[in-house]
Each structure stands twice: as C-alpha cells, then as structure tokens.
Amino acid sequence: MIRIGKVRVHILRSFAMLLFLSVAAAAALGDGETAPARDPKQPVDDAYTAKIHKYTTQPFFTSPLVDYLPASKNVPTPEAVLGDVAGAPGILPYAEDVYKYMRLLEKASPRVKVFSIGKTEEGREMIAVAVSSPENLKNLEENRAQLAKLADPRTIKLDDTEADRIVAQAVPVYYITGTIHSPETGAPTALMELAYRLAVDESPYIREIRDGMITLITPVVEVDGRDRMVDIYRWHLSHPKDFYPPLIYWGKYVAHDNNRDAMGVTLKLTENVLQTYVGWKAQVLHDLHESVPYLYDNTAGDGPFNAWVDPILTDEWEMIGWRNVSDMTKFGMPGVFTHGVFDTWSPGYLMFIAAMHNGISRLYETFGNGGADTLERTLDQEEYARTWYRQNPPLPKALWSQRDNNNYEQTGLLTSLHYFNENKRLFLKNFYLKAKRSVTKPGAEGPSAYVLPADDPRLGSQAALLQVLQKQAVEISRATTAFTVTLPIKKSAKPKKDAKDTKEKDTPPAPTTREFPAGSYIVRMDQPYSRIADALLDHQYWSPDDPQKTPYDDTGWTFGELFGVQVTRVTDAKVLDVAMERVKEIRAPGGVSGEGTIYAINNNAEPSLATLRYKLHDASIEAAEEPFESGGKKFSRGSFLLRNVSRAQLNDAISELGLQATPVSAMPSVKTHPVRAARIAFVHTWLSTQAEGWWRIALDNLGIPYDYISTQTVSKTGDLNAKYDVILFPPVGFFSSPTAIINGLPSAWGNPLPWKTTPETPNLVGKNDSTDDMRPGLGWEGVANLQNFVAKGGVLLTATDTSRFALSIGLADGVSVSNAQKMKIVGSVVGTRLVDAASPIAYGYDEKLSAYCDNGPIFSLSSISGARGFRRLGGEMHTRPTGRGTADDPDFTPGRPAVEVPDEPKSEIWENPLLTDEQLHNNFRAIPPANRARVIFRYADSKDLLISGLVEGGDEIAQHPAVVDVPTGNGHVVLFSINPVYRGETRGTYSLVLNTILNFDSLNVGRKLAEK
Ligand SMILES: [Zn+2]
C-alpha cells in the first residue's frame, strides 16, 4: 500500500520546486504583512525534513510553512512518539500516544501547557493543549478575566470605551479540534506537528502567532472512536490482503452524528468541548474533518444560513475563509476553496458552539484516505470541476498520502492563525460586539424572553429542557411572583373575506395577555448567550420555494415542541422587570405528599415513570385504565397506583425523578392492570449502529435495563419469549433495506470481518457487542424467530426503516407501507393527533403531539389481509355518479320507481376501512375486528402538519397513521412512522416507546372493536 517506488520519483523534483515556491510566496504578500519564510539563523531538522519531502507526493501538495521542520535542542519532534514524522505512511497513533507527545512538549517547552478537559463515555481522557509565549501562558488567568469582560459586556456596563481598552491588550484564543469523525484520521498527527512548530519555530511568521495569541488544541475529540479506528487500521496492516471491518461503532453510542449533538449536548465530547470553549472565552472554534479534496472551508455555505446568528459572524466567515483560499492559492496548492454546497442552517454541528456563543465557527474538510495508506485517488467530475467558488480545483487523479493531508491541514491552520493574529483587534472587538448585541437583543430584534410556566403538567421534561440550556451556559431565572405579559397580535395572512364592512376590516384584533404563576422559569434574552436559547426555543421555517433544494441536515428542531413542554415566546419587554432570581440547579419538584398504603402518581407521559418502575423492583404498580379523582385531585388514564412500598423508599425514588405521589385512602373504583418491568431485548444490525445509538443512550440515561443483541443473536435464539417480553428494533439508518437486514453484508466472497477484542485490536469492542464475522444478517431463521416471538405473545416495536422491514416481510397484517412521491419532510417537527386515548401506548398524552419526522414511511390500513391500503391522494375520491339532480340527490331510472341506495361505509384515512356485506361474504381474507391494526396517533391534517422546518407535499402523509399497534398472533407489532427517540431532542415522544414497554401484556386494554 505504501507505494515507495512512486513516491521516490517525486522527491528530487519536489526539492527544487519547494525552494522556488518559498521565494515566490514571500514576494506575493502585501505591504506590512510578514511573509511566511523560515528563520535563516534557526537550524533545520534535516532528517525530519527529508522525510516530509519523501512522503509528500507532489511538490505542490505542500507550502513554505510546512515543507521543513525547525530543529530544537531540547524539544522532541513528533518522531519521538511516532517513530517517524507526522503523516508518515502506515502510522496512526492512539489518542494516548498523541497525549504522550503533547505532554513531552509541555515538559520540554515553557510554551506548551496541557489541560485535561474531561472524560468520554468509556472513561478515556480528553485534553486541550495551549501553545503560546511563556508570558501569555503565565498570564492565562488575568487574560481570561479580561476576555470574560468582553464575553459578558454586562460586567463593564456595555461600555465601548472600556471594551476598546481591553481589546487593545487582550490575547485572543483560537480553539482547534481534531478527529471528531473517527474514520477521518489525519488531524492528530497534523496537530502534533503544528504544536511543535508553534512552540519551536523562530520565523517571524510563527513567532507573531505565538506571541500574539493562544492556540488551543484538542487533538482528538472522539477519543473512544479514535482508538477503535487505530485498532482497525492495525488489523488492516497485519492482514494486508484482506478486507478490513468497517468502523461500525465510533463512540460508545453514535457515529457520524457526534457532530450533530451541539443542540442537545447529550454526548460527553460535546459537553467537554463546549465547556472548554466557553470556559476559555475563546474567539474561534475550528473543527477538522476529512471528506472533500483537498481543502474545503465549509464554514459558510450556500445558505440558508442559520436564522439566529449575528450578521457580524457571517461576514467573519467570509473574511477568514476567502483569505485562507487566497493564501493557499498563492502557495500554489490546488483544490483549496470555500462556499460549496453546505447550507449552514442547523446549529447541531460541534463548530456551531462558537457560532451560538458569540465566537467564530469554522470547519475544514481536507482529504483523507481513511487510514495512513498512500493511495491513488480518482475524483468525481463534480469534485474536480472548476466553478465560480473553486477556481483552482483539485486534480482529477493523484497519488495522495496522509502527509499531503497533514500539509494541507497545517498550512490552512497556520495561515488562518496568522491572519487572525494580524486582525485580532478587529476580531476581539467583534467578539465584544456580538456579545453586546446578544445582551441588547430584547430592544433590537427581540424577543424579550421565553417563559416556561410553573404549572406545566410535565415538570420533569421541563427541567430536562432547562438543563440542556444550562449546559449551553444559558442563565435561567425563576419568577418569585405571578405575572402577566401581553402577547403579540398575530397578523392574519389574508384580509378577512367575510368582513361585513370596512370598519370591521380595519379594527385590529385586541391584544391578548397571559398570566404565569409564581415559580415560572424565565429565559431572559438580555444575556450574552441569548442566541443559543433563542435558536433552540424558537420555531424554524424552511420555505419549499427556497433555492436551496437539498438541506444538509434537519430543518426543524424546536425544543419546546419536541420535549412536549410549554414554551412561550414573549416580546413584551415588561417581562424583564418581573421579580425573579437566578437558578443554579434545576430540578422538578418531587416527593410524597403524605402517609398512606396506596400512592397515586399522575401520568403525564413523563419518561421518568418508566425509570421508577425499574427502580422499585418489589413494589406493586397498577395502571388506572380510566381517569379518576381522589381527594379532589384529578388523575389521568395510565396513572400509577403503588403498593408494597414504604413512604421513605418511594419518596427517595421519586424526589430524584421529579415525580409527585399522593396517598389515596382506597384503590379507586376504575379498572387497573399491572405495570410490569418488561424484559427487553434491544436489537441492532451489523450494517449501522448510528440511529439506534440515540435510543441506547436515552434508555441508559433513564436507567431502563435491556439486553443489547444483534440480528445474528436473534437468528440463533430459538425461543426469544423465554428471555424477553419486548423486542425493540430501532431504526437502522443507511443501507437498511429489508433485504439488507435479512442478508447482511455480502458473504459469497471476501473474508470474515471480525468485530472483537484481540491483542491486535484491544479497543475494538469497548462496552458494545462483538462477533467473529459482521457479515451475516438476521437471516430467514431470524425472521422465523421474530415471527414466533410475536405469535407467542411477544411485543415487537419498530420505527421508520425497521417498520418498513416488519411490514415488507409480513410480520404485521392490515398495514401497508408506501414511499412518498413528492413529499419532502427533511428532519422536521410535525403535528400528530391522538386517535385512541384508551390505548396504554397513549397514556399521559394530550390530543396534540409534536414529533420528529424525516420523510417517514406512509402507512395505510386495510381490513382485508394481504391487500394494500390506499394512500391518500388529494381530495375526496367518492362522489356520486353522473345522473340527474344535485350533488346529494339520488339518480333515477326512467320508467321505474326510485330505489333507496344503501349507504356505503365511510371511514377516515386513519381508520380501518369498514367492510361491506359483499366483502364479508365467505371472505377468509377479511380481518376480524380484533385482529385489525389499532391506530394510536395519526399525522395531523395537511394544514396542521408543519410545526417547524420543511414540509412540502405533506398531504401525502397527512392523516395517515403515525403510531400503530397491530395485534399479531398472541402478541403485538407496534409500528412507528415518526422517529420517537432522536439525538436527545425528542423527549416528548419517548413515552410512546416506554408505555409500550410498561404495558406490554395489556396493550389491548380499552380497545373498541368495529362491528364489521
Ligand atoms: Zn467529518
């Protein structure tokens, strides 16, 4: 794989070219700017430099900034740990080795300091390395205090003169993060060498960076995934002729989506980087990726830009990005560009932590080989085509090495650091201005605040939402008195058509007010980090007419909607004068309000109810099948009635969970059924674990135990019912056709792909699953086992693509699935409606429920086995036939008395079609009412479907079932078209899954059967 012969050819040529380029670049810079040239007095590490040249495949794949390494008497080069230079073929260091090197640097140089910034889910350390002059590093705390004043202009009373004084002397912080995406492997070695250069190089160009600013580096963001990736690469090196296993797990929970967590902050890596960024009061967060040739600054895309960022920031993106392109173009490096196709709408990316906290977000895509092999790389036409934003495109074909990638990464970063340093007063002032404009937001664009009322029925989920905001460094206050705000008048889009006269037309509707009780939470918008709160709590609207036709990621995320809690956007500035106090720790009030033998807990679809069931092993818990009243308190369907639990034990458990229990004197007279702690199997494939990881982390955080098994285990387990009551089969994601789930990866050729811990791959498995060969799928045996499981009384729960799978292979009857023709719902928040409130799956829910949908499968119902239900297509299909009379008149036949036309059975799109007598006559295919699908929630009507994001052609899915319970044999298949558990953002729909689990053996409760 290391094509030494070919590389050698380039070496001689590259020496001559590099010399020429260095001179040319120096001459190309403008007045007053320091040229990138080495210090002639500083010796060069010749051996290291020779290897740089050896591993660089073309003379133009490097720059005068990185084509040599300055020598140092006492500071070790990366070779000390790597055994070769950064970017050498065949070498990928574990995170531990990278840290070892950074700590060697710290020991040898007063210009380097290493900080531990937290741990990953699997307990591995994350670090941040500061490189700057010894003086700057000595003054870190004083400098941080200065930067803090710019970051929070309230501390200097928004005084611009004082800000200018600080701007004139503060040292800015530029934070670089590497390898969040584990198969993108180049950043750690690039950042090791970058740290060395910044610490050692005496050239004026580098010295200015070192003296003028603090470069902060987290060389590995996804540490768990890095170590697994290095394992795989080492396996590949020792089995060079074999296919190597794909990286099925990155971090413990999710793969690529680790860079979509900057809204929910569910993962440790996000939390650690966020705290570091905000704690250091950094100005830039620059995240390194490797998927586009050769360097694409994909910070500022094609739009639409996120609607909540300050326009000052969007200008900064362009300034730095285009200057970067210009500098590297002058070095003669091909394929450096910005703009591109990215939209910059969602704030879920790691880099967006900076965009939402008054800094500058940046992201590079450089070109990686997914390991350290040197490879001939051939590009697609769209990658090498010249466009207006890519005037100097990459080559259609080139030999490409990890060193080339490291050259691009370091050159991009060094030119950025230098340009940033040259203009640091401007950027520091902008940092202050953006913070100030965040503080003055109520008087500018608004709103003044968001209010979360104290009487919300879901205080647990409300607390969970506020805790996310606190992780985002947002200040939360709590009203100490009741207060009233004036709500904005909603302008109707069209003038009233039926208005009687002009007077009525002109009279504006009266403003409405809303009263909030004392204890309501207020998220003030006159604080430095108001933008992230605003972005998360507001609604999103992506126009179907937007010129951008391919959203890069989700288009809607409104947290209040997805958490199922009330959030009011308040523009009335008086809200800021309400008596309130800052809240440090947010907790939903919980506890037992008196002494008794039976306790009742109301059901408001709070996920913590499921936690309680698993926590109190020995307690007897019943669910009320109807609403009831006790001691003047109203309890909804599904409310818990607990016995065999002491007050102290219950109080302990629920105080922590934010649940409230009331003693009741006697069991209420409503029907109840036991709520049992179901034994759960959680099934994953070996195709992708991306989507299910979000389900896993949700269950783990709620303390719901499960066995984590693969489809291979399902195929080997004949009697699943002996071990499990419920099988969860969450979405698979990529490559998840029903046949792929059954067949797995191709195994007619190639070699086994092991995923297991061996001396060669010590980190591979972590705490997840293992197999000798990832290739086999569920198989027909597995299908049969699932079928038996359900037939014998088990509950199988599927969502999105696994629902499609279940229906395709006939695991449930009476529901068909179809693909949308024109519909475009790209990661949006949509409206759903409760259809069957008596179903235990619906316990605690209201009439309306917002849910996450990404072009969900369209379910249709049929009451005839094997038949496809109709997909709704526009208007009413059954009008009367042509004949005499008006639209509702009966026709007649001349010469014969009129006859009465029997009523045709009519049903809504979310109802099982009623069968006619003709259809029922000797019809062994007619599904008896008790065996028909039971729709729990349906999608809202077309006009109410969009809550947040993009919905186009929504009438294709409007009114269709969103959550269906299909009785099958003695068991149930519960199908979701929405994805109820997603990216830590959808707590409001978790209980649909949890209710299914808790009521697994009572799902038929409350069922009303059709007559026919
Ligand atoms: Zn990436």
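The values are calculated or read from the model by the stated rules, or taken from the named source; none is laboratory data. Predicted model, so just to flag it, every value in this text is computed and none were measured. Cβ placement follows ideal geometry from the backbone for every residue including glycine, while neighbour counts extend to all protein chains displayed. All accessible areas refer to the heavy atoms of the entire protein, side chains included, with ligands and DNA or RNA removed. Shrake-Rupley method; radii C 1.70, N 1.55, O 1.52, S 1.80 Å.
Pull out the extension gain between Lys1008 and Tyr541, defined as 0.36 nm times the separation in residues minus the alpha carbon to alpha carbon distance; nm, one decimal.
164.2 nm
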ask   = Which part of segment 256-271 falls in the paramagnetic zone of Phe735, meaning amide N under 18 Å from the point 7 Å along Cα-to-beta-carbon?
value = 256-257
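Per DSSP helix of 4 or more residues, -39500 (n - 2.57); summed, then divided by the residues of the chain. What does that give at 222 nm, rounded to the nearest 500? Before the final figure, lay out each step's value.
Working: 29 runs with 309 residues, N = 1012.
Calculated at 222 nm, the ellipticity per residue is -9000 deg cm²/dmol.
Can you tell me the order of 989-1002, 102-115, 79-92 when each peptide is scored by its average per-residue count of other Cβ atoms within 10 angstrom, highest first? Don't jump to the answer; show the numbers that get you there.
Numbers: 989-1002: 25.6, 102-115: 19.2, 79-92: 20.7.
The packing order, highest mean first, is 989-1002, 79-92, 102-115.
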task = Using a 10 Å cut-off on Cβ atoms, rank the peptides 848-855, 545-552, 667-674 from the highest mean neighbour count down.
result = 848-855, 667-674, 545-552
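Calculated FRET efficiency, Asp700 and Lys491, Cβ-Cβ r, R0 51 Å, to nearest 0.05? Don't skip to the answer; put the middle values down first.
Numbers: r = 46 Å, r/R0 = 0.90.
That gives a FRET efficiency of 0.65.
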ask   = Of Lys149/Lys434; Lys848/Lys943; Lys157/Lys434; Lys574/Lys848; Lys491/Lys549, which pairs sit farther than 21 Å apart, going by alpha carbon to alpha carbon?
value = Lys574/Lys848; Lys491/Lys549
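When the chain is fully extended, how far beyond the present Cα-Cα distance does Trp780 get from Lys671, taking 0.36 nm per residue of separation? Write out the running numbers ahead of the final one.
Values: separation 109, 0.36 × 109 = 39.24 nm, distance 4.16 nm.
Once the chain is fully extended between Trp780 and Lys671, it gains 35.1 nm.
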message = Can you give me the angle between helix 187-200 and the longest principal axis of the chain, using Cα atoms only, in degrees from 0 to 90, rounded to the nearest 10?
response = 40 degrees
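In terms of the Cα gyration tensor, with a ≥ b ≥ c the square roots of its eigenvalues, is segment 71-144 rounded because a/c is under 1.5, prolate because a/b exceeds b/c, or oblate?
On the way: a/c = 2.96, a/b = 1.21, b/c = 2.44.
Oblate, because a/c is 1.5 or more while a/b does not exceed b/c.
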note = Cα extents of segment 206-254 along the principal axes, largest first, in whole Å, come to 49, 28, 10
message = If you average the alpha carbon positions of segment 974-1010 and of segment 30-82, how far apart do those two centres end up, in angstrom?
response = 60 Å
Cα-based reach from Lys107 at 16 Å (exclusive), listing lysines while leaving out same-chain residues under 8 positions away = Lys73, Lys138
remark   = So, with points 7 Å from each Cα along the Cβ direction, the Glu626-Arg884 label distance in nm works out to 5.2 nm
Sequence-distant aspartates and glutamates (8 or more away, or on other chains) whose Cα lies within less than 20 Å of Lys615 = Glu606, Asp652, Glu656, Asp700, Asp707, Asp725, Asp1001
ask   = One-quarter of the Cα convex hull surface for the chain, in nm²?
value = 49.4 nm²
message = Can you compute the FRET efficiency between Leu158 and Ala47 using 1/(1 + (r/R0)^6), with r the Cβ-Cβ distance and R0 = 60 Å? Round to the nearest 0.05.
response = 0.60
ask   = Taking Cα centroids, how far is segment 907-938 from segment 516-565 in Å?
value = 41 Å
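With the other protein chains left in place, how much accessible area per residue, in square angstrom, belongs to the chain at a 1.4 angstrom probe?
Working: 39790 Å² over 1012 residues.
It amounts to 39 Å² per residue over the chain.
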message = Show me the three semi-axes of the equivalent ellipsoid for segment 552-666, from the C-alpha gyration tensor (sqrt of 5 times each eigenvalue), largest first, rounded to whole Å.
response = 32, 18, 15
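From the Cα gyration tensor of segment 549-588, with a ≥ b ≥ c the square roots of its eigenvalues, which class applies: rounded if a/c is under 1.5, or else prolate if a/b is larger than b/c, or else oblate? Don't jump to the answer; show the numbers that get you there.
Working: a/c = 3.00, a/b = 1.82, b/c = 1.65.
Since a/c reaches 1.5 and a/b is larger than b/c, the shape of segment 549-588 is classed as prolate.
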ask   = Over the C-alpha atoms of segment 582-739, what are the Rg and the largest Cα-to-Cα span, Dmax, in Å?
value = 18.9, 57
message = With a 1.4 Å probe and all protein chains left in place, how much of the accessible area of the chain comes from carbon and sulfur atoms, in whole percent?
response = 52 percent
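What length, rounded to one decimal in nm, is gained on full extension from Arg514 through to Glu376, with 0.36 nm per residue of separation minus their alpha-carbon distance?
On the way: separation 138, 0.36 × 138 = 49.68 nm, distance 6.57 nm.
Length gained, Arg514 through Glu376: 43.1 nm.
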query = What is the list of residues in segment 257-300 whose amide nitrogen lies under 13 Å from a point 7 angstrom out from the Cα of Lys767, following Cα to Cβ?
reply = 268
task = Extending each Cα 7 Å along its Cβ direction at Arg896 and Asn970, get the distance between those two points in nm, one decimal.
result = 5.4 nm
message = Give me a comma-separated list of calculated 3J(HN,Hα) values for segment 211-225, in order, Karplus coefficients 6.51, -1.76, 1.60 applied at θ = phi - 60°, integers in Hz, x for any Gly or Pro.
response = 7, x, 7, 10, 9, 10, 10, 9, x, 9, 8, 8, 6, 4, x
For segment 52-96, convex hull volume per residue from C-alpha positions, Å³ = 97 Å³
query = Can you give the % of DSSP beta bridges in the chain that are antiparallel, to the nearest 5?
reply = 70 percent
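Of Lys281/Lys330; Lys100/Lys424; Lys281/Lys429; Lys113/Lys252, which ones are farther than 22 Å apart at the Cα?
Details: Lys281/Lys330 33 Å; Lys100/Lys424 32 Å; Lys281/Lys429 13 Å; Lys113/Lys252 29 Å.
With Cα atoms farther than 22 Å apart: Lys281/Lys330; Lys100/Lys424; Lys113/Lys252.
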note = Taking the alpha-carbon centre of each part, the distance from segment 601-622 to segment 144-205 in Å is 48 Å
ask   = When only Cα pairs under 8 Å and 6 or more residues apart are kept, what is the percent relative contact order across the chain?
value = 11 percent
Förster-model FRET efficiency, 41 Å R0, Asp211 and Glu125, C-beta, rounded to 0.05 = 0.90
remark   = Simple spin-label estimate for Thr571/Ala148, 7 Å along Cα→Cβ, in nm, reads 3.7 nm
